[in-house]
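Take a look at the structure below.
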Amino acid sequence: MQRITVLGATGSIGVSTLDVIARHPQRYAVYALSAHSRVEELAAQCVQFRPARAVVGTAAAADQLAALLRAAGVNTDVAWGEQALCSIASAAEVDSVMAAIVGAAGLAPTLAAARAGKKILLANKEALVMSGQLFMDAVHESGAVLLPIDSEHNAIFQSMPQFGGKVPAVRDSAAGVAKILLTASGGPFLTRDVATLDAVTPDQACKHPNWSMGRKISVDSATMMNKGLEVIEAHWLFGAPADQIEVVIHPQSVIHSMVSYVDGSVLAQLGNPDMRTPIAHALAYPERIASGVAQLDLTQVATLQFQRPDFERFPCLALAFEALRAGGTAPALLNAANEVAVQAFLDLKIGFRQIDRVIRHVVDTLPHGAAHSIDAVIAQDAAARVAAETFIAGLAK
Ligand code: NAD
Ligand code: MG
């Protein structure tokens with residue numbers, strides 16, 4: 001029996017994770033669940049999965065959850081705040097942690113799971129983008145197992161060689177990897193006239209052609225910052241230099257990414273665009289379990305297309321490559337500025353084409369340095385948020 005904590009249980013990834021878990025009650029038990037504010041949804045999940053513990057964002061939400069659970073006769077211990085999140089991510093009773101909180105808020109609990117040597121199912125790419133080497137060091141020091149949930153990275157993981165049960169680094173010449181080919185759908189604005197992008201609404205930006213996801217990652221997909229964050233994520237997960245990561249636009253989202261080898265082979269992982277496939281893969285790894293996803297019918301798909309990304313249409317992708325090459329705390333600045341800009345766009349404070357302007361301003365004006373410690377990273381994250389908010393306030397005038 002694998003005992004699992006799901007961080008961000010009420011989100012898109014959290015719900016898909018619980019869907020897969022519910023299909024295999026003999027294999028998986030839920031130890032703890034977390035949500036930020038959707039207390040009623042979390043209460044319903046507690047009724048169904050009977051976790052020992054549940055964590056929410058505020059004291060008021062905790063009171064509300066406790067009352068709902070008491071009324072339902074469910075005996076789940078309720079707590080709130082970051083310390084409690086770190087506790088359910090690192091408790092001795094836990095085998096695996098699904099890290100599915102969105103944004104920098106997920107860093108502390110995901111890092112706590114890494115330091116405690118857990119099996120980490122990583123959806124929260126922002127945590128890895130921010131902390132990079134520090135996070136990977138924590139994983140290696142504790143002997144934690146890090147499995148990617150992001151569909152592209154899960155596909156790369158499945159397409160990489162294994163030496164003695166471990167995936168070698170891309171920079172290890174014995175692996176024979178020429179390039180990682182990171183596929184991208186191009187999002188909802190792949191072919192839209194660039195001149196009209198200023199006027200798009202949050203709902204239009206969140207209407208992804210192939211995937212149903214939370215609003216933040218949906219906007220990131222529309223700007224292609226999501227792919228930019230994934231380039232940085234791939235760098236850390238697979239030890240891949242920036243020059244060995246290539247983004248390929250593939251609008252059908254059937255090939256989830258590929259690995260191109262020096263002998264001319266290209267290995268890919270394909271499937272219907274449904275996050276339950278990578279979730280099931282990581283939950284059961286190295287075994288395979290049913291996920292509820294329909295088998296891929298290639299005759300139905302019929303056509304697979306590929307094109308190069310246009311860095312002028314998608315300046316956020318260029319910004320991310322720059323941050324990766326700059327190194328140190330530059331990706332933390334990029335990520336924090338992006339989180340603030342995306343929230344401002346969702347709140348109708350700035351236009352779509354101002355998202356990249358906010359990020360450019362922050363990464364160009366704030367000094368970045370070496371990422372010596374998590375505290376240094378968190379300080380840079382905070383400074384970038386202030387700079388982004390100030391710039392946005394100036395834009396609004
Ligand atoms: P979502 O918005 O649907 O859910 C986010 C979850 O995080 C919710 O449970 C919410 O309660 C929790 N949360 C939000 N703010 C919080 C805070 N301040 N403190 C604690 N918890 C908080 O997001 P999602 O689409 O499920 O994405 C989650 C993560 O997975 C993101 O990092 C995203 O990039 C990544 N991811 C998602 C998908 C997808 O298909 N949705 C695919 C790949 C990667
Ligand atoms: Mg992805």
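Worth a mention:
- Peptides 247-259, 384-396, 157-169 ordered by packing proxy, namely the average of other Cβ atoms within 10 Å per residue, highest first: 247-259, 384-396, 157-169.
- The packing ranking, built from the mean of other Cβ atoms within 10 Å per residue, places the peptides 106-113, 314-321, 133-140 in the order 106-113, 314-321, 133-140, highest first.
- The three principal axes of the Cα atoms in the chain give end-to-end lengths of 56, 56, 45 Å, sorted in falling order.
- Adding -39500 (n - 2.57) for every DSSP H run of four residues or longer, then dividing by how many residues the chain holds, sets the calculated 222 nm ellipticity at -14500 deg cm²/dmol.
- Along principal axes, Cα extents of region 1-132, largest first, whole Å: 44, 35, 26
- Note on region 259-366: semi-axes of the ellipsoid equivalent to its C-alpha gyration tensor, largest first and rounded to whole Å, are 35, 19, 17.
- Taken over region 205-253, the ratio of Cα radius of gyration to 2.2 N^0.38 Å equals 1.24.
- Under 29 Å, Cα to Cα: Lys pairs in the chain, sequence gap 8 or more or different chains: 25
Computed from the coordinates by the stated procedures, all read-outs in this text should not be read as laboratory data. Computed from a predicted model, the values in this text were never measured in an experiment. Positions of Cβ are backbone-derived with ideal geometry, glycine not excepted, and every protein chain shown enters the neighbour counts.
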